[in-house]
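Okay, structure first, notes after.
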Amino acid sequence: MKTDLKGLSARETEEWAVRHGLEPYRGRQIRHWLFTKLAGSSDEMGNIPKAIRALVRENAIINPLEEVKTLESEDGTRKHLFKLQDGHLIESVLIPERDHLTLCISSQAGCAMGCRFCLTGQQGLKRDLSASEIIEQVILVKRSLEDPEHLRNIVLMGMGEPLANYDAVMKALGNLIADDGMNFSHRKVTLSTCGLVPEMKRMGRDITINLAVSLNAADDETRSSLMPINWKYPLTTLIRACREFPLPNRRMITFEYILINNVNDRNQDALKLSRLLSGMRAKINLIPLNPSPNYDMTPPPMNRILHFQDFLVKHHFTAIIRKSKGRDILAACGQLTGAFAGNPEG
Ligand code: SAH
Ligand code: SF4
């Protein structure tokens, strides 16, 4: 069976090289070609002898994803559609910010968590992605850029619940932030979770990156009605895990709060939210719901959104209204389904 090289750590790549009769440093060279030089095939590995390139070609997978197509939004957001080797489709979204690019990547095809407002959730889980399928999204998008160094931020906020695919996600993140991997700053990598408490604790011990929690409600009744995971890990459990989460100096946990008309957008909700998070190093991202014909929920009117933000700011929280980009190409938060609008066959 062929080895999925991009899913291996530095040490494992050296071991792979040795198992194939090579010196360990060949493993390090191959890694450099894959993650730093973004080589698309072993033929590009210039300082590696031809015989070894052939060995890599025969024994390793280095293209776990096939680029199907990209779609560009009016606001510059770009959605990449990728096909896995077994045919499932996933999406990554490249978002232009003021002075850099952010890439939002997927951790699963579909998602098992069933959040009511989320189109990825409505299709259920197709399967977990492997570590190489996760990191390959970054590699392919980076390779498509005129200035690859512009890509500085990575968020695991695409399709899937990253902490439900823990081992593969941690391996991919390891290669993403390793000096001899893709060398992203751990300050610029964010994992977003719906709140899988045991895995949040594990993550706090295993890796230092930013944590975002999709909160979306400040009382159990509302949250359970929107996010079934709340039955298993209700707010007291979740918030305790957030308060105990190890944060490096001056870092904050981001709480994502989708604002839904007459569901979680009233004064009393803002009050409950401020009490729930009081004293925490928390940043609140308010996201007006992206509506869908699949449900009857809608975003609140703008004045209510501003009012909600105002309340939180007056209570000394950092609260930002995050209009999601790329709505015209269905690239916005919660709209990723692996099928392009109007052309589900890709
Ligand atoms: N599963 C993880 C990460 C991916 S979900 C999580 O839930 O955090 C991607 C983000 O999109 C989450 O923050 C979610 O709250 C948001 N989202 C989902 N559906 C949305 C919608 N209809 N409108 C706005 N945001 C949505
Ligand atoms: Fe899954 Fe996140 Fe969507 Fe919930 S919001 S269904 S956890 S992808």
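Just so it is clear, none of the values below were taken in a lab; they were calculated from the coordinates. Because the structure is a prediction, the values reported are computed rather than measured. Every residue, glycine among them, receives a Cβ derived from its backbone with ideal geometry; neighbour counts consider all protein chains shown.
The number of residues in the range 120-148 being touching a Leu at 6+ places or on another chain (Cβ under 7 Å) and closer than 30 Å to VAL263 by Cα comes to 1.
Entry remark, the range 166-177: residues being within 16 Å of ligand 2 (Cβ to nearest atom) and surrounded by 24 or more Cβ atoms within 10 Å (Cβ to Cβ) number 1 in total. Could you list, ordered by first residue, the pairs with Cβ atoms under 7 Å in which the first is in the range 160-181 and more than 24 Å from LEU238 (Cβ to Cβ) and the second is within 16 Å of ligand 2 (Cβ to nearest atom), at least 6 apart or interchain? If the second residue must be within 16 Å of ligand 2 (Cβ to nearest atom), the pairs left are ALA172/ILE134.
So that you can scan it fast, the table gives a plain yes or no per residue for (1) away from ligand 1 (no atom under 15 Å from the Cβ); (2) surrounded by 20 or more Cβ atoms within 10 Å (Cβ to Cβ); (3) over 14 Å from the mean Cα position of the chain (by Cα):
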{"site": "GLN122", "(1), (2), (3)": "no, no, yes"}
{"site": "LEU129", "(1), (2), (3)": "no, yes, no"}
{"site": "ILE134", "(1), (2), (3)": "no, yes, no"}
{"site": "VAL138", "(1), (2), (3)": "yes, yes, no"}
{"site": "LEU145", "(1), (2), (3)": "yes, no, yes"}
{"site": "PRO148", "(1), (2), (3)": "yes, no, yes"}
{"site": "LEU156", "(1), (2), (3)": "no, yes, no"}
{"site": "MET159", "(1), (2), (3)": "no, yes, no"}
{"site": "LEU163", "(1), (2), (3)": "no, yes, no"}
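When LYS126, LYS171, LYS188 are screened for being within 19 Å of HIS80 (Cβ to Cβ) and of a type outside the set (A, V, I, L, M), only LYS126 passes. Residues in the range 93-133 that are within 16 Å of ligand 2 (Cβ to nearest atom) and among the β-branched types (Val, Ile, Thr): 3 in all. Restricting attention to the range 17-48, the residues being part of a helix (DSSP H, G or I) and in contact (Cβ under 8 Å) with a residue 24 or more places away in the chain number 8. Could you list, in sequence order, the residues of the range 223-244 that are surrounded by 17 or more Cβ atoms within 10 Å (Cβ to Cβ), closer than 23 Å to GLN268 by Cβ and more than 14 Å from ligand 1 (Cβ to nearest atom)? Matches in the range 223-244: LEU235, ILE239. Within the range 102-118, the residues that satisfy the criterion of being in a strand (DSSP E or B) and on the phi < 0 side of the Ramachandran plot are THR102, LEU103, CYS104, GLN108, ALA109. If you go through the range 245-272 and pick out every residue that is exposed (fewer than 14 other Cβ atoms within 10 Å of the Cβ), more than 22 Å from the chain's Cα centre (by Cα) and of a type outside the set (S, T, N, Q), you end up with 1.
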